[in-house]
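The values are calculated or read from the model by the stated rules, or taken from the named source; none is laboratory data. Predicted model, so just to flag it, every value in this text is computed and none were measured. As a convention, Cβ positions derive from the backbone with ideal geometry for all residues, glycine included, and neighbour counts pool all protein chains shown.
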Amino acid sequence: MGVDLSSRGARLLLVLLTAAYWQGGALKLLDHAGAVAEMQHFGLAPAGLFAVAVPAFELLAALAVILGPGRRPAAVALALFTLAASVLANPFWAQTGPGRAMTMNAFFEHLGLVGGLLLVAHRPTDRDR
């Protein structure tokens, strides 16, 4: 028997699991110029569109993971997004020097988020099926 993801305790855990998306999405919305600069830094064009779409996606998908309706597809979408973003932003395999270890740590921390999200997607509530 699995955990009931609609219980209060489980919802708190889902809030913690999605905390990075709340922080990242809110920061990008509050600092649009910074979000545009970030998108340009990673070569995403048009940067202005990505600077709006990415935080909207992060916040809406995180909300769906917490509240339940659409939890499974939202968790899978966040997992795929996180994996792609980590490959783009944390290419430790292409680095040398002292910064490589920090980049590698960030990459594997993001893999932990991917695993947690896929675990949530693997155990949806009955209404998500």
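Side notes on the structure shown:
- Conditions (1) surrounded by fewer than 16 Cβ atoms within 10 Å (Cβ to Cβ); (2) of a type outside the set (A, V, I, L, M, F, W, C); (3) in contact with a Lys or Arg (Cβ under 9 Å, 6 or more places away or on another chain): number failed by E38: (1)
- Filtered residues of region 5-15 (kept if among the hydrophobic types (A, V, I, L, M, F, W, C) and loosely packed, with under 12 Cβ neighbours inside 10 Å): L12
- Answer from R72, R123 - the residue that is closer than 19 Å to L13 by Cβ, among the basic types (K, R) and touching a Gly at 6+ places or on another chain (Cβ under 7 Å): R123
- Subset of region 60-93 [of a type in the set (V, I, T), under 13 Å from F108 (Cα atoms) and surrounded by fewer than 19 Cβ atoms within 10 Å (Cβ to Cβ)]: V87
- Candidate set from region 98-129 (those that are in a helix (DSSP H, G or I) and among the charged types (D, E, K, R)); member that is modelled with the lowest pLDDT: D128
- Only one of R100, R71, R8 that is touching an Asp or Glu at 6+ places or on another chain (Cβ under 9 Å) and at negative phi: R71
- Test result for V87, touching a Phe, Trp or Tyr at 6+ places or on another chain (Cβ under 9 Å) and under 24 Å from V120 (Cα atoms): yes
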